[in-house]
Amino acid sequence: MLEGGEEATRLLRRWGVHERSLVGFALASRTSGVDVEHLLALWLDELGAEHVFAAQRGLIRGVVREGHAQEIAHRAQAFASTLYLGLGRPATTDALARSVDEARQACETARAGGERVVRYASIPTVSFVLGQLDADQTQRISRLLDPLRGVEQQPELIETLRVFLSTNSAWGESATRLRIHRQTLAARIRRIEDLIGLSLSDPDDRVAAWLALRASDG
């Protein structure tokens, strides 16, 4: 479905989804005590909505009708404070990857800021800055992370950087989310800093690294 095109639209129609535009969502819990997948399925059943979602590493990503997105947001807001919901901007059914990825980014923002629900469109700073850049400028920012892409540990280093920045450099929470020891996290951060030439203790450098991650996601 995320690969887009007419095949994605046909697949959605086969599942009973006939809208031309849908909203991507990402839902996660701060604790393992909440069965997020089961809870979401109950909400969708209550709304009479199709189950178009998948779970991976504790994060559920999917798409819903715009009206149902608002209803899910209300439920997440009213639920225990352990839930985080991110919502992307509406997208046509043949190009949903963008909305789903926006939802993931919004969910990360919710977790970092301790908010229940965050809409990608309401994140003014990074999305506004990147929205003002042309493709060449965005690519130049993304290249800041090229030294990470050239090493054998690329996936774990980029994920470590993403988690560390999304938690506002919270060492304990980052180590927990990555399921590694704090000493391992410290070693990875030093490695990242050496490779990209930035200090993640410097606010300006953290912003630059986050912009590079977001530019790469686009």
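The values are calculated or read from the model by the stated rules, or taken from the named source; none is laboratory data. Remember, predicted model here, so these are calculated numbers, not experimental data. Counting neighbours? That spans all protein chains shown, and the Cβs are built from the backbone with ideal geometry, glycine included.
Kindly establish whether A112 is outside the structural domain of L198 (by TED's automatic domain parsing), among the hydrophobic types (A, V, I, L, M, F, W, C) and modelled with pLDDT of 85 or more.
no
For segment 26-37, indicate whether the set of residues that are charged (D, E, K, R), closer than 26 Å to G5 by Cα and assigned to a loop (DSSP other than H, G, I, E, B) is non-empty.
No, segment 26-37 contains no residue that is charged (D, E, K, R), closer than 26 Å to G5 by Cα and assigned to a loop (DSSP other than H, G, I, E, B).
Do we find a residue being in contact with a Leu (Cβ under 7 Å, 6 or more places away or on another chain), surrounded by fewer than 19 Cβ atoms within 10 Å (Cβ to Cβ) and assigned by TED's automatic domain parsing to the domain that holds P203 anywhere in segment 170-177?
Yes, because at least one residue in segment 170-177 is in contact with a Leu (Cβ under 7 Å, 6 or more places away or on another chain), surrounded by fewer than 19 Cβ atoms within 10 Å (Cβ to Cβ) and assigned by TED's automatic domain parsing to the domain that holds P203.
Which members of segment 45-74 meet the condition of being farther than 24 Å from S166 by Cα and among the charged types (D, E, K, R)?
D45, E46, E50, R65, E66, E71
Please indicate, with yes or no, whether at least one residue in segment 92-114 is under 30 Å from G67 (Cβ atoms), under 16 Å from the mean Cα position of the chain (by Cα) and not in a helix (DSSP H, G or I).
Yes, some residue in segment 92-114 is under 30 Å from G67 (Cβ atoms), under 16 Å from the mean Cα position of the chain (by Cα) and not in a helix (DSSP H, G or I).
Select from segment 68-111 the residues that are surrounded by 18 or more Cβ atoms within 10 Å (Cβ to Cβ) and among the β-branched types (V, I, T) and write down the one among them that is nearest to T9 (Cα to Cα).
T93
Could you identify the single residue in L211, L165 that is in contact (Cβ under 8 Å) with a residue 60 or more places away in the chain, surrounded by 14 or more Cβ atoms within 10 Å (Cβ to Cβ) and either closer than 30 Å to I72 by Cα or touching a strand residue (DSSP E or B) at 6+ places or on another chain (Cβ under 8 Å) (or both)? Give the derivation first.
On the way: L165 fails: in contact (Cβ under 8 Å) with a residue 60 or more places away in the chain.
Just one listed residue meets the conditions, L211.
Of all residues in segment 57-67, which are surrounded by 16 or more Cβ atoms within 10 Å (Cβ to Cβ), under 18 Å from A91 (Cα atoms) and in contact (Cβ under 8 Å) with a residue 40 or more places away in the chain?
Selection gives R61, V63, V64, R65.
Which one is nearest to L2 (Cα to Cα) among residues in segment 38-56 that are among the aliphatic types (A, V, I, L, M) and surrounded by 14 or more Cβ atoms within 10 Å (Cβ to Cβ)? Talk me through it step by step, then tell me what you get.
First pass over segment 38-56, keeping only residues among the aliphatic types (A, V, I, L, M): 39-42, 44, 47, 49, 52, 54-55.
Next cut, surrounded by 14 or more Cβ atoms within 10 Å (Cβ to Cβ) only: 39-41, 44, 47, 49, 52, 55.
Working: L39: 23, L40: 20, A41: 20, L44: 20, L47: 23, A49: 19, V52: 11, A55: 14 Å.
That would be V52.
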